[in-house]
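Structure record follows, encoded as structure tokens.
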Amino acid sequence: MKQTSADRLLNLKQHSSHPAQSEHAEMLEPPTNFSQVHRGLVLRRESQTLVTVGSLEIETTAAPGFYDITDEVIAQVADSGVTAGQVSVFSCHTTAAIRINESEPLLLRDMARSLRHIVPLDSYYEHNDFGRRVINMNEDECANGHAHCQHLFLSTSETVPVFDGRPTLGIYQRVFLIELDHPRMRQVLVTVIGC
């Protein structure tokens, strides 16, 4: 016999009054005191949704290399006219990532060193075995298996809420294009959606 949602609700109520259930409930942490949680809600009714897509061309010079593109993203949001919505920043490459992090020079060196440690350049990568590899080969193909593997730990895109016409980044948050392969021109798409 198929159980209806009303039956499931009745079963849930019956089980919640079970003594073992109430003993278990006493072991849980007390609920959060919501008087200490600040909630802000701003409702806006707009009749038209705006969507803009812009492209950034970044010439990289090192790998791994961190290229701060935050100001360009902020400018594209401002130019879009969107005051509330979101902005998506997308790398069009499998060996260049987009991440949000702090722009502190020593930290950037630490992060580059961490990427090289997790996925070393000098390890063996089957992707680099051009005697065996037959798919996605170009005339100027380079040995970049490490860059693809490093990208697994990063991301192709980041999405940031837009409020009052600006991306709502935290005080130390910056948007980076991260070059993982070798210096070249890279393309990043910036899509702003909202009203």
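Per-structure values
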read-out	value
Low-density loop cleavage sites - chymotrypsin sites (Phe, Trp or Tyr not before Pro) in the range 59-161, where at most 14 other Cβ are within 10 Å (DSSP)	Tyr124, Phe130, Phe153
FRET efficiency, 1/(1 + (r/R0)^6) with R0 22 Å, evaluated for Ala62 and Arg133 via beta carbons	0.25
Linear extension gain, Thr83 paired with Arg184, 0.36 nm per residue minus alpha-carbon span	33.0 nm
Calculated FRET efficiency for the pair Ile171/Ala143, C-beta based, R₀ 25 Å, to 0.05	0.05
Two-site FRET efficiency, Leu121 against Ala75, from Cβ-Cβ distance with R₀ of 41 Å, rounded to 0.05	0.75
Magnitude of the charge dipole, the range 91-195, Cβ model with Lys/Arg +1 and Asp/Glu -1, debye to 20	200
Chain lengthening between Ala112 and Thr159 when straightened (0.36 nm per residue, less Cα-Cα)	14.7 nm
Sorted by Cβ neighbour density within 10 Å, fewest at the top, the residues His146, His127, His117, His151	His117, His127, His151, His146
Whole-Hz couplings from phi, Karplus 6.51/-1.76/1.60, listed for the range 155-160; x for Gly and Pro	7, 7, 8, 9, 10, 10
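Throughout, read-outs are computed from the coordinates displayed, never taken from laboratory work. Predicted model, so just to flag it, every value in this text is computed and none were measured. Note that each Cβ is placed from the backbone with ideal geometry, even for glycine, and that neighbours are counted across all protein chains shown.
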